[in-house]
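Q: Mind having a look at this structure? Questions to follow.
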């Protein structure tokens, strides 16, 4: 599908430096620093409550919706400071799309789910040319997630009638229709069966060939199958990050080695 021009692959897509986050008095992230490559899948791993999802939600400022949240440090998306005072948060969330744990299609048709973002962000809808452009964008997004052949004749169908795996792919298509630059996945397979999980993992790998994909997962097997890079978090700290194979086979920190070996967590 169409999208922003490819960026140089040498510069990281997301750069996090000395990031702290508090929910009220609770110190959830502690001096986190991380570089996310401009292509490929990066997995955030660690036990429950370690800060993986909190870090992910910092990247599109979804944590702003939590009362009492406070952030200190820097986080840049393709060189732009996400927490600068003049940052347009809505524009940031268009640039940094997100898919959640459970499929959450809107109670609308398949077509209207995918078209929702472009319409909400001001894409023209009047006139034959505008409608054709929107239809092309919907088709491109559905093709990108491998749903076009299955749903081309069902675009008017209620999206809630789709199988869970198709619903999750539809949510990815809805994200892609806004032409984001970074893709976030927060445990996208936690509500899916093994067959559906495999299909979504294959989709993330395919998307990683073009976009930076960051996925939170509790599954060490999924992290090994899907990611080229991984970051291990524990108690709000980023313990270690690097190539996934290195992290799993030659971890520098004994806490990382113990976690990926299943000795705790």
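Q: Taking residue 123 as the residue in question, decide whether it is surrounded by 15 or more Cβ atoms within 10 Å (Cβ to Cβ), assigned to a loop (DSSP other than H, G, I, E, B) and either touching a helix residue (DSSP H, G or I) at 6+ places or on another chain (Cβ under 9 Å) or touching a residue at least 24 places away in the same chain (Cβ under 8 Å) (or both).
A: It is true that residue 123 is surrounded by 15 or more Cβ atoms within 10 Å (Cβ to Cβ), assigned to a loop (DSSP other than H, G, I, E, B) and either touching a helix residue (DSSP H, G or I) at 6+ places or on another chain (Cβ under 9 Å) or touching a residue at least 24 places away in the same chain (Cβ under 8 Å) (or both).
Q: Residue by residue through the stretch 70-79, note down the ones that are over 19 Å from residue 22 (Cβ atoms) and surrounded by fewer than 13 Cβ atoms within 10 Å (Cβ to Cβ).
A: Answer for the stretch 70-79, where residues must be over 19 Å from residue 22 (Cβ atoms) and surrounded by fewer than 13 Cβ atoms within 10 Å (Cβ to Cβ): just 79.
To keep it simple, each residue is scored yes or no on (1) modelled with pLDDT under 95; (2) within 23 Å of residue 144 (Cα to Cα); (3) out of contact with any strand residue (DSSP E or B) (no Cβ under 6 Å at 6 or more places or on another chain); (4) not in a loop (DSSP other than H, G, I, E, B).
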residue: 2; (1), (2), (3), (4): yes, yes, yes, no
residue: 6; (1), (2), (3), (4): yes, yes, yes, no
residue: 20; (1), (2), (3), (4): no, no, no, yes
residue: 28; (1), (2), (3), (4): no, no, no, yes
residue: 44; (1), (2), (3), (4): no, no, no, yes
residue: 54; (1), (2), (3), (4): no, no, no, yes
residue: 67; (1), (2), (3), (4): yes, no, yes, no
residue: 71; (1), (2), (3), (4): no, no, no, yes
residue: 74; (1), (2), (3), (4): no, no, no, yes
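Q: Among the candidates 146, 117, which residue alone is assigned to a helix (DSSP H, G or I), over 30 Å from residue 17 (Cα atoms) and in contact (Cβ under 8 Å) with a residue 40 or more places away in the chain? Quick ask: steps written out before the conclusion?
A: Numbers: 146 fails: assigned to a helix (DSSP H, G or I).
When all the criteria are applied, what remains is 117.
Every residue, every condition in (1) farther than 26 Å from residue 198 by Cα; (2) at pLDDT 95 or above; (3) touching a strand residue (DSSP E or B) at 6+ places or on another chain (Cβ under 6 Å), yes or no:
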{"site": "93", "(1), (2), (3)": "yes, no, no"}
{"site": "112", "(1), (2), (3)": "yes, yes, no"}
{"site": "121", "(1), (2), (3)": "yes, no, no"}
{"site": "132", "(1), (2), (3)": "yes, no, no"}
{"site": "144", "(1), (2), (3)": "no, no, no"}
{"site": "153", "(1), (2), (3)": "no, yes, no"}
{"site": "156", "(1), (2), (3)": "yes, yes, yes"}
{"site": "161", "(1), (2), (3)": "no, yes, no"}
{"site": "167", "(1), (2), (3)": "no, yes, no"}
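Q: Inspect the stretch 103-110 for any residue being part of a loop (DSSP other than H, G, I, E, B), at pLDDT below 95 and surrounded by 15 or more Cβ atoms within 10 Å (Cβ to Cβ) and give the result as yes or no.
A: yes
Q: Now a separate question. Right, residue 210: in contact (Cβ under 8 Å) with a residue 12 or more places away in the chain and under 22 Å from residue 77 (Cα atoms) or not? Spell out the reasoning first.
A: Details: in contact (Cβ under 8 Å) with a residue 12 or more places away in the chain: yes; under 22 Å from residue 77 (Cα atoms): yes.
Yes.
Q: Among the residues of the stretch 171-180, are any modelled with pLDDT of 95 or more, under 23 Å from residue 38 (Cβ atoms) and out of contact with any helix residue (DSSP H, G or I) (no Cβ under 8 Å at 6 or more places or on another chain)?
A: No, the stretch 171-180 contains no residue that is modelled with pLDDT of 95 or more, under 23 Å from residue 38 (Cβ atoms) and out of contact with any helix residue (DSSP H, G or I) (no Cβ under 8 Å at 6 or more places or on another chain).
Q: Same structure again: In this structure, does residue 184 turn out to be touching a helix residue (DSSP H, G or I) at 6+ places or on another chain (Cβ under 7 Å) and under 21 Å from residue 92 (Cβ atoms)? Even if it seems obvious, please write down each step before you answer.
A: On the way: touching a helix residue (DSSP H, G or I) at 6+ places or on another chain (Cβ under 7 Å): yes; under 21 Å from residue 92 (Cβ atoms): yes.
Spelling it out, residue 184 is indeed touching a helix residue (DSSP H, G or I) at 6+ places or on another chain (Cβ under 7 Å) and under 21 Å from residue 92 (Cβ atoms).
The values are calculated or read from the model by the stated rules, or taken from the named source; none is laboratory data. As the structure is a computational prediction, the values presented were derived from the model and not from experiment. Here the Cβ is made from the backbone with ideal geometry for all residues, glycine too, and neighbour counts use every protein chain on show.
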